[in-house]
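The next block holds one structure in the form of structure tokens; read it before the comments.
Every read-out reported here was derived from the displayed coordinates using simple, explicitly stated rules and does not represent laboratory data. This structure is a prediction, so every number in the text was calculated from the model and none was measured. Cβ: placed from backbone, ideal geometry, glycine included. Neighbour counts: every protein chain shown.
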Amino acid sequence: MPQPASDNPLPPEGTPAGPDNSQPAHPQAAPPVDDWGTGEEFSLDAPVGPPAGSAPALHHQKAGPLAMVETAFLASAASLIWLVNFYFPPGPLLRIFFPVPMALVYLRWGARAAWMSALVAGLLLAVLMGPPRSVLFVMPYALMGVQLGWMWQRQASWNLTILAGALLGSLGFFFRVWLISLMLGEDLWVYMTTQITELLTSGLNLLVNWGILGLGVLGQPNLQVVQGLAVVMVFLSNVVYLFTVHIAAWLLLERLGARMTPPPQWVRVLLDE
């Protein structure tokens, strides 16, 4: 009787044995894919987080909280300096550092953080000392700090930054006089210049009576001349103030890692000596 055909017939004799192209009964499972789609098997020992190529820079991860903390800290430091100088004035020492915190914020974190520090310092002083005194700090010192930071970041020369700061400081002086005059109900600027004119007139008359000066040598001062001289003196005093601010900021900010415009050569020679 003929034998039944086998389910798996053997290849005929002389046929070379080749690879088995048949599909396996149970195909091998693909390796598990992790959450980042790299195709690597998940392991508890592997570092947690995205791959190095897709992770954002560490500076951008920490820039937000760090900028917020530094802005709040320097704004409170500027407010504290103004508060201490107002109630316990140690002379002109603390006045030099009024605009420096806002300038430092600008150099480290940009314009938005600097404006926020000026606003926060003004609001904090408004709570502690009242709105009028906080406004006297914001104008001109907080605005001066933002202006100096903007110019220092662009490496403007000291001559230009001192001139611009002196103009802003002079505007701040007259704004302060106007605000106090508004609160007192009297023109404080006219009152001060009138008193100075009368004082100069009395002094000249006394010198003439003593024979030290001849009649009509210097002429009698008038109010307009005194006001013009007062404006010039206010501007010159602000120039001197801005120069000392630049020296203090250059000595301080270099140690804090913030780059500002380097001083002229003659200033370096004076500081070295």
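When ranked by the protection proxy of mean other Cβ atoms within 10 Å per residue, highest first, what sequence do the peptides 88-98, 237-247 form? Could you put the intermediate results ahead of the total?
Working: 88-98: 13.3, 237-247: 18.0.
Sorting 88-98, 237-247 by mean packing, highest first, produces 237-247, 88-98.
Set the Förster radius R0 to 41 Å, insert the Cβ-Cβ distance between LEU223 and VAL127 as r into 1/(1 + (r/R0)^6), and round the FRET efficiency to 0.05.
On the way: r = 41 Å, r/R0 = 1.00.
For LEU223 and VAL127, the calculated efficiency is 0.50.
Under the rule a/c < 1.5 gives rounded, and otherwise a/b versus b/c splits prolate from oblate, where does segment 89-153 land using the Cα gyration tensor? Working shown, then result.
On the way: a/c = 2.37, a/b = 1.34, b/c = 1.77.
Verdict is oblate for segment 89-153.
Figure the gain on full extension for ASP272 and PHE174 (residue separation times 0.36 nm, minus the Cα-Cα span) and round it to one decimal in nm. Before the final figure, lay out the partial values.
On the way: separation 98, 0.36 × 98 = 35.28 nm, distance 3.68 nm.
In short, 31.6 nm is gained.
Report the extension gain between MET192 and MET233 in nm, rounded to one decimal, defined as 0.36 nm multiplied by the number of residues separating them, less their alpha carbon distance. Provide the component values of the computation, followed by the final result.
Values: separation 41, 0.36 × 41 = 14.76 nm, distance 1.38 nm.
Full extension from MET192 to MET233 adds 13.4 nm.
With labels modelled as points extended 7 Å from the Cα through the Cβ direction, what inter-label distance (nm, one decimal) is found for LEU199 paired with GLU254?
4.0
Near the amide H of ASP187, under 5 Å away, which other amide H atoms are found, from residues 5 or more places off or on another chain, if H is placed in the peptide plane?
none
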